[in-house]
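The next block holds one structure in the form of structure tokens; read it before the comments.
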Amino acid sequence: MPLPAFISSTTLVHSPLRINQPFLCAYSGFRPRISSSTSSSVSISLPDNRVVLGVGSATVDFLAAVASYPNPDDKIRTTSLKVQGGGNVGNALTSAARLGLTPRIISKVADDSQGRSIVEELEADGIDTSFLVVAEGGVSPFTYIIVDNKTHTRTCIHTPGSPPMVPDDLSRSSLLSALDGARIVYFDVRLHETALLVAEEAAQQNIPILIDAERKREGLDELLAFASYVVCSTSFPQEWTEAPSIPSALVSMLLRLPKLKFVIVTLGEEGCIMLERSTNEKPEQIEEFEVDNLLEVIKGRKDENINVPTSVSSPVVRLRAEGIGTVCGRLLLGTAEKIPASEIVDTTGAGDAFIGAVLYALCANMPPEKLLPFSTQVAAGCCRALGARSGLPYRTDPRLASFLH
């Protein structure tokens, strides 16, 4: 069926699809631009500044895949078993390294066999471990992970390392060296006292900060105050803000965190949502829309027939959340790859893979319309193998070609 006369559509090879449409009949005649893109004509070479610093957990994961999750007192067999490195920061930096960045890590392990394994695996992927603290004695952190083949879910049982990392473990000279030349600093909100020390110095040096807001943790609020970018789990925005919906919670986060440039909430197989702040427009000169209604319009522009990740964006508007407030910005929806059920092995680490891709996209100055589908594509690769790192794609992966070339 041809598009109505008031809708214009232009498709170019490797270029975004741009569609103009009337908004909702209840609003004015303003016609926001809804953009959908799967790739771009702009070639993305390796960033000039590829150094990123990650502060947080690096562990060993013991992964046991089972046909279905056991009942209490059951005795069952694994369908497969893997031992490999884990931890949010360790995984995200591995993702970033395989995409072409030069990561450094601040973390702590013990001088046991597990600690040596953690360090060796990070170094094998090109991560600089010279700022990683190795304790004499103690135990390195590790996690037991039960992967349910039937539901494609995983259950994590974590044992923290000992002794824990404290700010005195990181000398002033090591801190400055770790930050030297860094394009961005990423925190998973573990090791919160040390993380705060690093965040304060990074802020002094005007180095952008990305926070992984997986759930409420000790020290999270203090770190969020420094954040330039936040990537959240599905439940976090509403838990932290007590807002009635995810879109209104994102508005609340931008109002509470004035340094925040954008916030992303990941939604698993439903993709992700980004709220990007705009400071260039005069608020009185742009239209205002209720943020939940705007999201529904954006969702309506998704092409359900496309299996690869895409993004759909609103124009810059005033986004209103009832009872919360208003911010100027854009609301974007990133879709996820539609992975056949037969190809899904394990979702462990998919969020970390996503963050690694976001780090790369920020270093490469990718626009948000490209950052979101690129990051969901990287996360999809992670789901095709057992463990957080086995499926992490390298820069040469054919599925990434449209984003990087």
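Worth a mention:
- Index of the failed condition, residue 242 passing every other in (1) on the phi > 0 side of the Ramachandran plot; (2) at pLDDT below 95: (2)
- Residue 391 being in contact with a Gly (Cβ under 6 Å, 6 or more places away or on another chain) and at negative phi: yes
Residues checked against (1) closer than 25 Å to residue 105 by Cα; (2) open to solvent by 10 Å² or more (accessible area, probe 1.4 Å); (3) small (Gly, Ala, Ser):
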site	(1), (2), (3)
184	yes, no, no
213	yes, no, yes
225	yes, yes, yes
238	no, yes, no
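- For residue 387, the conditions (1) modelled with pLDDT under 95; (2) open to solvent by 10 Å² or more (accessible area, probe 1.4 Å) are fulfilled apart from (2).
- Residue match in segment 90-104 (condition: hydrophobic (A, V, I, L, M, F, W, C), open to solvent by less than 30 Å² (accessible area, probe 1.4 Å), touching a residue at least 40 places away in the same chain (Cβ under 8 Å) and in contact with a Ser or Thr (Cβ under 6 Å, 6 or more places away or on another chain)): no
- The set of residues in segment 244-273 being part of a loop (DSSP other than H, G, I, E, B), under 21 Å from residue 326 (Cβ atoms) and open to solvent by less than 10 Å² (accessible area, probe 1.4 Å) consists of 260 alone.
- Restricting the search to strands (runs of 3 or more DSSP E) fully inside segment 65-148 and requiring at least 1 residues that are of a type in the set (Phe, Trp, Tyr) and under 28 Å from the mean Cα position of the chain (by Cα) gives 142-148.
- Residue list for segment 149-182, restricted to those being assigned to a loop (DSSP other than H, G, I, E, B), among the hydroxyl-bearing types (Ser, Thr, Tyr) and at pLDDT 95 or above: 171
- Residues of segment 202-218 classified as assigned to a loop (DSSP other than H, G, I, E, B) and either at pLDDT 95 or above or within 12 Å of residue 186 (Cα to Cα) (or both), total: 4
- Selection within segment 341-368 - acidic (Asp, Glu), open to solvent by less than 40 Å² (accessible area, probe 1.4 Å) and over 11 Å from the mean Cα position of the chain (by Cα): 346
- Residue check for residue 321: among the aliphatic types (A, V, I, L, M), touching a Ser or Thr at 6+ places or on another chain (Cβ under 6 Å) and under 21 Å from residue 398 (Cα atoms): no
- Being of a type in the set (A, V, I, L, M, F, W, C) and surrounded by 19 or more Cβ atoms within 10 Å (Cβ to Cβ) is a property that does not hold for residue 134.
- Conditions (1) over 17 Å from residue 348 (Cβ atoms); (2) touching a residue at least 60 places away in the same chain (Cβ under 8 Å); number of the one not met by residue 112: (2)
- Given (1) at pLDDT 95 or above; (2) open to solvent by 10 Å² or more (accessible area, probe 1.4 Å); (3) under 29 Å from residue 85 (Cβ atoms), index of the condition residue 330 fails: (3)
The values are calculated or read from the model by the stated rules, or taken from the named source; none is laboratory data. On a predicted model such as this, the values are computed, not experimentally measured, just so you know. Glycine gets a Cβ as well: all are built from the backbone with ideal geometry, and neighbour counts include every protein chain shown. The protein model used for the area step is the full one, side chains on, heavy atoms only, and it has no ligands, DNA or RNA in it. Shrake-Rupley method; radii C 1.70, N 1.55, O 1.52, S 1.80 Å.
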